[in-house]
Amino acid sequence: MITLRKTILIMLGLTILLNIISVGFIVVAGQPPSLMTPLTTVVTFSFAVLHAGSSFGWRRGLAMLVIVIATGLAFESVGVATGIVYGPYHYTDQLGLKFLNLVPFIIPVAWFMMIYPSFRIANDLVSNFIPEGFWHDVLTAALGAVAMTAWDLAMDPIMVAAGHWVWEQPGAYFGVPVQNFWGWWLTTFTALGLYLIVRRWLPGKDQAWLPTGWTTAAYATMGASTILSDFLVNLSGPGLVGVFTMLPWVVAGIRRRKSP
């Protein structure tokens, strides 16, 4: 009988395997099949959902899921429609069906996929220095948003190069507007801030039996895959930035995992 713990570990293993396969396709064929991005996203998302529910209790886990997806979808929809949040851009048809013909449904799924491990790393780090309370939550949301945005610094240029979305006014950061990264930080900070407020009224607590190091592994896997892909398609600039911006969060997550 496969237990929930084993299922979560299997999802993490599949996340790692799919990212290795994706990088392998880039080495051999220059790009992965179109199915790889949504498949990897859904598998990593499933890992995050199961880990969150098992760790925090299902009410808190599902509350985080709903808040992150709703916030990400709202910000993205406004962003595509107006250009206010991230800068003027639009999605192509490569990522599938779109909400209101604006945002592919896979996008808010991807937001949760990476916001959750970013949150776990930031939350564990802040908990080492500040007791739970208002400032703990503010700093956790702020640092979780930084960890999340660190991934986009490596990811956005390669996704544009692959044709997943188009910047109508290319910006200073390898064709990406700098405003985009402020938008990423704000979206993540808002989602995590709302969750941390709602969490106070929901039963549940972090269950020590489920390693938080697994979420660090998911974050590191997605980051390493993105960074390696950058270098392989001659986007060494974003790849190098990704190394320096994501590695500190991976180290922070590993150190927390080894602490008693």
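FYI, it's all coordinate maths here, none of it is from the lab. Small disclaimer: the values here were computed from a predicted structure and weren't measured. So basically every Cβ, Gly included, is an ideal-geometry build from the backbone, and we count neighbours across all protein chains shown.
Annotations
- Electrostatic tally near Val66: other residues with Cβ closer than 14 Å to its Cβ, Lys and Arg +1, Asp and Glu -1, net +3.
- For the chain, built as a Gaussian network whose Cα springs stay under 10 Å, the top-fluctuating residue of Gln169, Gln31, Gln94: Gln169
- Per-residue Karplus couplings for the range 16-31, computed as 6.51 cos²θ - 1.76 cosθ + 1.60 with θ equal to phi - 60°, are listed in order as 4, 4, 5, 5, 5, 4, 4, 5, x, 4, 5, 5, 7, 10, x, 6 Hz, Gly and Pro entered as x.
- Phi to ³J(HN,Hα) by Karplus 6.51 cos²θ - 1.76 cosθ + 1.60 over the range 151-162, Hz, x for Gly, Pro: 5, 5, 4, 8, 7, 4, x, 6, 5, 5, 4, 7
- Around Leu235: net Lys/Arg minus Asp/Glu count, Cβ-Cβ under 15 Å: -3
- The range 1-148 shape via C-alpha gyration tensor axes, a/c threshold 1.5: oblate
- Segment Lys6-Ala74, extension gain: residue separation times 0.36 nm, minus the distance between their alpha carbons: 21.1 nm
- Karplus (6.51, -1.76, 1.60) ³J(HN,Hα), θ = phi - 60°, over the range 55-62, in Hz, Gly and Pro reported as x: 7, 8, x, 5, 5, 5, x, 5
- When only the Cβ of Lys, Arg, Asp and Glu is charged (+1, +1, -1, -1), the dipole of the chain relative to its Cα centre reaches about 960 debye.
- Percent RCO, i.e. relative contact order, over the chain, from Cα pairs under 8 Å lying at least 6 residues apart: 26
- Modelled label reach - Gln31, point 7 Å along Cα→Cβ, the range 169-189 residues with backbone N closer than 19 Å: 175-176
- For the options Gly144, Gly87, Gly30, a Gaussian network treatment of the chain with springs between C-alpha atoms closer than 10 Å singles out Gly30 as fluctuating the most.
- Shape category assigned to the range 83-213 from the gyration tensor of Cα positions, a/c cut at 1.5: prolate
- Exposed loop sites here mean chymotrypsin sites (Phe, Trp or Tyr not before Pro) with a DSSP loop assignment and at most 13 other beta-carbon atoms within 10 Å; the chain contains its longest site-free run at 1-128.
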